[in-house]
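Undergrad: Can you read through this structure? Questions will come right after.
Here, each number is a calculation from the coordinates, and none is a lab measurement. Fair warning: this is a prediction, and the values are worked out from it, not measured in the lab. Cβ sites come from the backbone with ideal geometry, for glycine too, and all protein chains shown count toward neighbours.
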Amino acid sequence: MIDSHAEIERGGAIQCARLAAALAERGHSVACVFDENRDASERTGAEWRRLTDAGVQLLRRPLLSLSAMRKFRETLQVLGPDIVHTHKNKALYFLAGATWNKRSFGWVANRGTEYSLLREPPAWAIHRYWVDRIIPVADAVKQQLIRDGIPQRKLRTIYGSFDVHRFDPATSGEVMRDAWRVPGSAPLVGMAASFKSRKKGQSDFLKAAAHLLRDHSDAHFVLAGDGSPEHARHLAGELGIAERVRFPGFVTDMPAALAAMDVVVCASTRGEGLTGSVREALAMARPVVSTDVAGNRELVRQGQTGLLVPVRDPAALAEAISLLLSDREEAAKLGAAGRKLVLELCTDEARAAKVEELYREVMAERRR
């Protein structure tokens, strides 16, 4: 595995780490290469520990370095992999630079966004001509790749995954509510999304919150995520709702954070593959309201496992949240159905089995 991140904090890196660990736990020999930079921290945290416990060999390389690419050829000779699996374009370019497609292994690449590959012609060419198989994280991503001219035979949709032991609906959210100073009886509506990304829709969430307070005057709101929330804080002040909104920053205990929320929101506006916080919220049996963007509708099925709203429509977002707060029985039913769906499609074990099957297919094809 080659991952484009230096840390295991956000969606893509977490998904790479979970897959690597799950494959190692199934008995495979796995090495995982992460980016190397000056700000890279020590390998601490649950995902790093799981990789270590599973026996995954951990390496760091500066992925943008041409000399590191050349040296990595020697590493590949030592490792002798059957498959190299790249995650995001930095890792894609690193492997392309290291091999120039002179290789003895199969190449599998993850594709986690609905953005067109044609926006980046070198990445398009590598996916089109060098990569053996591509794993879109949702059918919406797959359809975009087909529109981009990638042969359908190369594509196999496999959803991202979650740890069933960690994301347990029995988890208590009381500690989080106490930390966020939210009364135990107050409705709490939350969203987990990085402030470093412009596409996550925090502004629409806050405008929906202002709408919602007209009918649910006791509601509170939480916007968790890394990066600076100053713009969102300012907007909350302008909307007159600052005292009802919490900004806890990056949250490490996501199961407890989701357990504290009565409704979980995804307000993303574009460029998603399938939003990780949506999958995790469903895993926690939380009622979800999501914008109808990219692959989110494949898990948030309207009226079955959650509610979908148009992009950039705070009034519609507020109305959907209000429906769930007003009918807790219906909200619980949607949450339970969502949990059942992701248990069928998105566990670490289910994902690893599908990826393993794909690897074997690539190896057999190369032998022929």
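Undergrad: How large is the dipole of the chain about the Cα centre if only Lys and Arg carry +1 and Asp and Glu carry -1, each at its Cβ, rounded to the nearest 20 debye?
TA: Details: 53 positive and 46 negative charges, 322 e Å.
For the chain, the charge dipole is close to 1540 debye.
Undergrad: Also, I was wondering about something else. Sorted by mean Cβ packing within 10 Å, highest first, what order do the peptides 342-348, 213-219, 253-259 take?
TA: Values: 342-348: 18.4, 213-219: 14.1, 253-259: 21.9.
The most tightly packed comes first, giving 253-259, 342-348, 213-219.
Undergrad: Work out the FRET efficiency for Val175 and Arg60 from their Cβ-Cβ distance, taking R0 = 35 Å, and round it to the nearest 0.05. Numbers along the way, then the final one.
TA: Details: r = 34 Å, r/R0 = 0.97.
After rounding, the FRET efficiency stands at 0.55.
Undergrad: At a Cα cut-off below 20 Å, give the aspartates and glutamates reachable from Lys340, other chains included and same-chain residues fewer than 8 away excluded.
TA: Correct list for Lys340: Asp139, Asp163, Asp168, Asp262, Glu280, Glu298, Glu329, Glu330, Asp348, Glu349.
Undergrad: Provide the net charge surrounding Gly335, with neighbours chosen by a C-beta distance below 14 Å and charges set as Lys +1, Arg +1, Asp -1, Glu -1. Could you put the intermediate results ahead of the total?
TA: On the way: positive: Arg279, Arg286, Arg301, Arg328, Lys333, Arg339, Lys340; negative: Asp168, Asp262, Glu280, Asp327, Glu329, Glu330.
Once positives and negatives cancel, what remains is +1.
Undergrad: Work from the charge dipole of the chain (Cβ charges, +1 for Lys and Arg, -1 for Asp and Glu, about the Cα centre) and give the residue of Gly237, Asn37, Val362 farthest towards its positive end.
TA: Of the candidates, Val362 comes out farthest on the positive side.
Undergrad: Anything over 18 Å Cα to Cα? Flag those among Lys88/Lys142; Lys142/Lys354; Lys142/Lys200, in the order listed. Numbers along the way, then the final one.
TA: Details: Lys88/Lys142 15 Å; Lys142/Lys354 16 Å; Lys142/Lys200 22 Å.
Distance filter (> 18 Å) returns Lys142/Lys200.
Undergrad: Could you give the distance between the Cα centres of the stretch 324-358 and the stretch 283-319, to the whole Å?
TA: What the calculation gives is 14 Å, centre to centre.
Undergrad: Same structure again: Amide H to amide H under 5 Å from Leu188: which residues, 5+ apart in sequence or cross-chain, H placed 1.01 Å off N in plane?
TA: His220, Asp262, Val263
Undergrad: What ranking of Met69, Met261, Met363, Met1 emerges when the number of other C-beta atoms within 10 Å of each C-beta is taken as an exposure proxy, fewest first? Display every interim value, and only then the final one.
TA: Working: Met69 20, Met261 27, Met363 15, Met1 24.
Taking fewest neighbouring Cβ atoms as first place, the list is Met363, Met69, Met1, Met261.
Undergrad: Moving on. So if each residue of separation counts as 0.36 nm, and I subtract the Cα-Cα distance between Gln304 and Arg328, what length gain in nm does that give? Mind showing how you got there, number by number?
TA: Values: separation 24, 0.36 × 24 = 8.64 nm, distance 1.47 nm.
Here the answer is 7.2 nm.
Undergrad: With θ set to phi - 60° and the Karplus curve 6.51 cos²θ - 1.76 cosθ + 1.60, what are the ³J(HN,Hα) couplings of the stretch 214-224 in order, to the nearest whole Hz, using x for Gly and Pro?
TA: Whole-Hz 3J(HN,Hα) from phi for the stretch 214-224: 5, 9, 10, 5, 9, 6, 10, 9, 9, 10, 9.
Undergrad: Using just the helices of the chain, give the 222 nm mean residue ellipticity in deg cm²/dmol: DSSP H runs with n ≥ 4 each add -39,500 (n - 2.57), and the total is spread over all residues, rounded to 500. Could you put the intermediate results ahead of the total?
TA: Numbers: 14 runs with 156 residues, N = 368.
Taken over the chain, the calculation gives -13000 deg cm²/dmol.
Undergrad: Let me ask something additional. What residues of the stretch 278-295 lie in the reach of a label at Val311, counting those whose backbone N is under 17 Å from a point 7 Å from the Cα along Cα→Cβ?
TA: 290-295
Undergrad: Let me ask something else about it. Taking a ≥ b ≥ c as the square roots of the eigenvalues of the Cα gyration tensor of the chain, is the shape rounded (a/c under 1.5), prolate (a/b larger than b/c) or oblate?
TA: On the way: a/c = 1.92, a/b = 1.84, b/c = 1.04.
Prolate is the answer for the chain, as a/c is 1.5 or above and a/b outweighs b/c.
Undergrad: Does the stretch 174-345 come out rounded, prolate or oblate, given a ≥ b ≥ c as the square roots of the eigenvalues of its C-alpha gyration tensor, rounded meaning a/c under 1.5 and, failing that, prolate meaning a/b above b/c? Don't skip to the answer; put the middle values down first.
TA: Working: a/c = 1.34, a/b = 1.23, b/c = 1.09.
Rounded.
Undergrad: For Glu7, Glu357, Glu272, which order do you get if you count the other beta carbons within 10 Å of each Cβ and list the fewest first? List each step's numbers first, then the result.
TA: On the way: Glu7 18, Glu357 11, Glu272 27.
Lowest count first: Glu357, Glu7, Glu272.
Undergrad: Determine which lysines satisfy two conditions relative to Lys207: a Cα distance under 26 Å, and not lying fewer than 8 residues away in the same chain.
TA: List returned: Lys196, Lys199.
Undergrad: In whole Å, what is the distance between the alpha-carbon centres of the stretch 250-278 and the stretch 95-170?
TA: 23 Å
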